[in-house]
Structures are given as C-alpha cells and as structure tokens.
Amino acid sequence: MNDSIHFRFSGMPASPAAEAAARRRARTLRGTHPDALAWEVDVQAPPLASTAGGYGAQVQVRLAGGSRLRAQGCGSDPLAALRLAFNRLEAELGAENAGGVQARAARWLSSVRSRIAQRQDCA
C-alpha cells in the first residue's frame, strides 16, 4: 500500500512516535474509507509565551474526486492532539459517506417511483 502521508512539525523536532501513530490511524481509516488518497499531518508545538496553550494538530485528507476534509485537535502532548484530530476526521468521513449513502438512496427511490408512475400510466 502506498503510504502518501506528508508530515510537518512546527516549533518542535520531528516525532517518530507521532508519525507512527498518524500512519496507523491513516491506514485504519483508509481501510474503511478507500476513497482517501493522500494525507497531510501538521503538528504544532505550544507557543513559548503561553502557559495555557497545548499542542495542536491538523489532519487533512484528499479524497477521490478532489474534495478535501480537514480536522484539528489540541492536546497536552502531540499524540493527544493527533488522536483528537483523527477522531474528528473519522467523524467527518463517516458523515461524508452517510451523505453519499443518503444521496444514492434518494436516487434509487426516485428511480423506483418513476418506474411505478410509468407502469400506472401504461395500465
């Protein structure tokens, strides 16, 4: 499987643990959402002047057809921020697929109603 994940770490050194965690989640999501083609993962360190700020993560996925979904998360460490961002992205992917299912169901229902109307007109 081609692992097309691009990482960017801002204000901190690259984290092999964060990369491994992101690759695992992307692989899992790609298994349930095969239209996910490419991933961009951005992890930001908390601002130096801020004591209340935490780590931030943004995950973006490019889907077949060219659309993109993006989710963000904040946490006390990079892994927590990534986990939250991937959880939100997973929810968005589920909603995107549910919308696709609903659209297919609506088209099917419209097609069935059209056939029923044609049969009634012929009778």
Residue 54: touching a Pro at 6+ places or on another chain (Cβ under 7 Å), modelled with pLDDT of 75 or more and open to solvent by less than 40 Å² (accessible area, probe 1.4 Å), yes or no? yes
Subset of segment 10-27 that is assigned to a helix (DSSP H, G or I) and open to solvent by 90 Å² or more (accessible area, probe 1.4 Å) - its residue that is farthest from residue 57 (Cα to Cα): 27
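The values are calculated or read from the model by the stated rules, or taken from the named source; none is laboratory data. These numbers were taken from a predicted model, which means no experiment stands behind them. All Cβ positions, even for glycine, are placed from backbone atoms using ideal geometry, and neighbour counts span all protein chains on display. Note: areas computed on protein heavy atoms with side chains; ligands, DNA, RNA excluded. Shrake-Rupley method; radii C 1.70, N 1.55, O 1.52, S 1.80 Å.
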